[in-house]
Amino acid sequence: MSEEIIKKIEKKVKEFFGKMGYEIELKISKKDNIFKIDIQTKDFTDLIGEKGKTLSEIQHILNAILKKEIKEEFYLDLDIGGYKERKIKYLKELAKSVADEVALTKKEKILEPMPAYERRVIHLELASRPDVTTESIGREPKRRVVIKPYP
């Protein structure tokens, strides 16, 4: 069943980007019910947008299109030009750096507002640290992570 679904996804994704005038190469992998789609194309900056907003919107649209085709429950994780991969690496480094500072100074730090998946990266990265704790505060779209020294 998975191979059939992957072929449907590949066809729809190529069709979607083709209609926008992009020639793409894609790689699809599946883990549990998550289909990770890595796309490479010559000029991808317009597809990512400011702070990945366009990429997120494209993922949302593709997800809606594919949900009509595929009746199974699944999650789509779209990355273009390795943007998300680089962003996640940056967020993990940021989390560690700020956590080290918080542990040293014993003063909480509030990070810039970020989307849910980015906040999740921060929370998961610091979850095993005994010297700090994290929580999200505020309302979308200004929701942010606070890193606090552990009491």
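Values quoted throughout were computed directly from the atomic coordinates according to the rules given, and no laboratory measurement underlies them. The structure displayed is predicted, hence computed values, not measured ones. Backbone-built Cβ (ideal geometry, glycine too); neighbour counts: all protein chains shown.
Suppose we take every Cα in segment 86-149 and form the convex hull; what volume per residue is that in Å³?
About 65 Å³ per residue, rounded to a whole number.
Determine the percent antiparallel among the DSSP beta bridges restricted to the chain, to the nearest 5. Walk me through the intermediate numbers first.
Numbers: 15 of 21 bridges.
Counting only bridges with both partners in the chain, antiparallel ones make up about 70 percent.
May I ask you to compute the full-extension gain from His123 to Lys109, defined as 0.36 nm times their residue separation minus their alpha-carbon distance, rounded to one decimal in nm?
The span from His123 to Lys109 would gain 3.7 nm if fully extended.
I'd like to know how segment 32-117 sits against the 2.2 N^0.38 Å rule of thumb: what's its Cα Rg over that expected value?
Values: Rg = 16.5 Å, N = 86, 2.2 N^0.38 = 12.0 Å.
Against the empirical 2.2 N^0.38 Å value, I get 1.38 for segment 32-117.
Between the alpha-carbon centers of segment 12-32 and segment 107-133, tell me the distance in whole angstrom.
32 Å
Which value, in debye to the nearest 20, describes the size of the charge dipole of the chain about its Cα centre when Lys and Arg Cβ atoms bear +1, Asp and Glu Cβ atoms bear -1, and nothing else is charged? Spell out each step's value before the answer.
Details: 33 positive and 28 negative charges, 69 e Å.
Roughly 340 debye for the chain.
Let me know the whole percent of all Cα-Cα pairs from segment 2-81 that are separated by more than 17 Å.
40 percent
Work out the FRET efficiency for Glu93 and Glu135 from their Cβ-Cβ distance, taking R0 = 25 Å, and round it to the nearest 0.05.
0.75
Using a simple spin-label model with points 7 Å from Cα along the Cα→Cβ vector, what separation in nm is obtained for Glu57 and Lys36?
Between Glu57 and Lys36, the label points sit 2.7 nm apart.
As an exercise, use a Förster radius of 30 Å and the Cβ-Cβ distance of Arg143 and Ile70 to find the FRET efficiency, rounded to the nearest 0.05.
0.50
Can you give me the relative contact order of segment 86-149 as a percent, contacts being Cα pairs under 8 Å and 6 or more apart?
Across segment 86-149, relative contact order equals 40 percent.
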